[in-house]
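Worksheet: the structure to be examined is printed underneath.
The values are calculated or read from the model by the stated rules, or taken from the named source; none is laboratory data. Nothing here was measured: the structure is a model prediction, and the numbers come from that model. All Cβ positions, even for glycine, are placed from backbone atoms using ideal geometry, and neighbour counts span all protein chains on display. Side chains included, ligands, DNA and RNA excluded: accessible areas come from the protein's heavy atoms. Shrake-Rupley method; radii C 1.70, N 1.55, O 1.52, S 1.80 Å.
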Amino acid sequence: MPLYQTNPIKIYNSITGKKEIFKPINEGHIGMYVCGPTVYSNVHLGNVRTFMSFDMVFRYLKHLGYKVRYVRNITDAGHLENDEDAGEDKVAKKARLEQIEPMEVVQRYTVDFHNILNTFNFLPPSIEPTATGHIIEQIELINKIIENGFAYEVNGSVYFDVHKFNEAHEYGKLSKRKLEDLIHNTRALDGQSDKKNPQDFALWKKAEPQHIMRWPSPWSDGFPGWHLECTAMSTKYLGEQFDIHGGGMDLKFPHHECEIAQNEAAKGISPVNYWMHANMLELNGSRMSKSTGNTVNPSELLSGENKFFSKAFTPGVIRFFNAQSSYRSVLDLTNDGLLASEKGFYRLMDGMSLLNSIKSSDNSTIDIATWRQNCYDAMNDDFNSPILIANLFEAVKYINQIKEGKASITKDDLELFKSTMHAFVLDVLGLENTAESNSGSDKLAGAVDVLIKLRQEARANKDFALSDKIRDELAAVGIQLKDGKEGTIFTTN
């Protein structure tokens, strides 16, 4: 029996504003779409946090036995500056500034994106479509919206008629914004726009003579609007209605709101059953911003070459840091927070190493079945990774107790214990002790083992002053020695 049959999940649905029991459209199968990066620069650390959160969701759904089709797009055209209907395409602008072809920009930063995600041990999506690879689908979608009366063409550009749409549907249902309020808070058009109303958004933009990226269409040589691509690609690969749509909180309005409107205007139905939004990543209590200098990119965080952090941090530590906060909470990236996470990460990894060496007994003094269910209950509650981690640290305590002879575990319970720890630490959270961190950990273990042997020799020679000195000096630097039936072990804190 698949695990999902005994582990119902509750997901916080952004469109209803509450947790709901997850019921896929097709039993045992899940369609999930997550908005990917616009590849005109190196991937932002805040974006990495969003993708890391949905990588964990993907991993857990697969662990439960679901067959998941995970689609995460690449935006390589159509995303204008400031997310508005004016200005240059971000990719084309970068190409003009660097005097290279737009597809060179796309290739360079797509490779960077994949390299960073591979460094953080991401699973690849099932499908990774590009906006430029789906121009035909986007043109067909525009035609359908025009045919249904919800879009209009002016001077070679096509705009979505938000006011006309709102007469028959509800624009703003996801972001909880009323069109009347949007009208009130919008400045009047300056007379140079082709749009009927400021709230209307572009489905197709006519390319100016100097615009590099352009495709033929029934209306003009031009390029698609940013919102359109996700509607076209998500429904092509997941169907007109699918289970989960994810992305960053910053995409809720206008991007995701426009996706809903486009789908309802073209097909008459809302495309997604469960909307999930990952919250923002801050740096030292403030929003990350290139203009203020309050920003750090993933490579700088990994190398330690930045002005914010006292050292370099491994991918596993950063991934663990992310999992210690709910995906729906604002996460503040600080030096103290990362240092604390580093200690917790290695404490967990030390526990995983010790787990492989403990021996079974005739009886269990630990209720492994209840502990295991607590792990599932945490993840079943809207992927609550902080509570899961609390349960994993409880497991580390059990491991140390067994190793010290203060607790016991049967062979069957030990196998269940090992498989569950492996599943949640490695498969679900995606944590791994990288070669770099393993090297440091191995050197530490070797050095402490030498001191443990010297301490044992001192005790055998009744030199208890030296024995106590070794123990106390190690404790002073955060290394605890624990004497048990099977010898002396150490833990770090």
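Please give me, ordered by residue number, the GluC sites (Glu not before Pro) of segment 298-355 that lie in loop per DSSP and have at most 16 other Cβ atoms within 10 Å. If you can, show how the numbers build up before the last one.
On the way: sites: GLU300, GLU305, GLU342; in loops: GLU305.
Qualifying residues, ordered by number: GLU305.
Would you tally the net charge around GLU104, using a Cβ to Cβ cut-off of less than 10 Å, leaving GLU104 out, and scoring K and R as +1, D and E as -1? Don't skip to the answer; put the middle values down first.
Values: positive: LYS94, ARG108; negative: GLU98, GLU101.
Every neighbour counted, the sum reads 0.
Multiplying the sequence separation of LYS343 and VAL450 by 0.36 nm and subtracting their Cα-Cα distance, what value in nm do you get? Can you show the working numbers first?
On the way: separation 107, 0.36 × 107 = 38.52 nm, distance 2.23 nm.
Working it through step by step, the gained length comes to 36.3 nm.
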Select one label from [x] 35.9; [y] 26.4; [z] 27.5: the one whose number is mean projected area of the Cα convex hull in nm² as derived from the coordinates shown. [y]
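Counting other C-beta atoms within 10 Å, and keeping those with at most 16, which DSSP coil trypsin sites (Lys or Arg not before Pro) do you find in segment 264-347? Spell out each step's value before the answer.
Details: sites: LYS267, ARG287, LYS290, LYS307, LYS311, ARG319, ARG328, LYS343, ARG347; in loops: LYS290, LYS307, LYS311, ARG328.
For trypsin sites (Lys or Arg not before Pro) across segment 264-347 that sit outside H, G, I, E and B with at most 16 neighbouring Cβ atoms in 10 Å, the list reads LYS290, LYS307, LYS311, ARG328.
Could you work out how much longer the chain between ASN461 and ASN148 gets when fully extended? Use 0.36 nm per residue separation minus the Cα distance between them, nm to one decimal. All intermediate terms of the calculation are to be shown ahead of the outcome.
Values: separation 313, 0.36 × 313 = 112.68 nm, distance 9.19 nm.
My answer for the length gained is 103.5 nm.
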Full-extension gain between SER126 and ARG177, please, as 0.36 nm times their residue separation minus the C-alpha to C-alpha distance. 15.0 nm
Cβ-Cβ cut-off under 11 Å around THR50, Lys and Arg +1, Asp and Glu -1: the net charge is 0
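Provide the per residue accessible area, probe 1.4 Å, for the chain, rounded to a whole number of square angstrom.
Values: 22250 Å² over 493 residues.
Accessible surface, normalised per residue, equals 45 Å².
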Before anything else, pin down the relative contact order of segment 1-71: Cα pairs under 8 Å, at least 6 apart, normalised by residue count, whole percent. 42 percent
Counting alpha carbon pairs within less than 8 Å and at least 6 residues apart, what relative contact order, in whole percent, applies to segment 61-164? 28 percent
How much net charge surrounds VAL71 when only the other residues with a Cβ under 15 Å from the Cβ of VAL71 are counted, with Lys and Arg +1 and Asp and Glu -1? -2
Low-density loop positions, GluC sites (Glu not before Pro), segment 53-152 - DSSP coil, at most 14 other Cβ in 10 Å: GLU84
Restricting to aspartates and glutamates and to Cα separations under 15 Å from LYS196, and discarding same-chain partners fewer than 8 apart, the set is ASP85, GLU153, ASP161
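Could you tell me the relative contact order of the chain? Use alpha-carbon pairs under 8 Å, at least six residues apart, and round to a whole percent.
Working: 747 pairs, mean separation 77.2, N = 493.
Relative contact order for the chain comes out at 16 percent.
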Report the accessible area of VAL396, computed with a 1.4 Å probe over the heavy atoms of all protein chains in place, in Å² rounded to the nearest 10. 10 Å²
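From the square roots a ≥ b ≥ c of the eigenvalues of the alpha-carbon gyration tensor of segment 206-325, which class results: rounded (a/c under 1.5), prolate (a/b over b/c), or oblate?
Working: a/c = 2.84, a/b = 1.62, b/c = 1.75.
In terms of gyration-tensor shape, oblate.
Using a/c under 1.5 as the rounded threshold, could you call segment 258-408 rounded, prolate or oblate? The axes a ≥ b ≥ c are square roots of the C-alpha gyration tensor eigenvalues, and prolate needs a/b larger than b/c, oblate otherwise.
oblate
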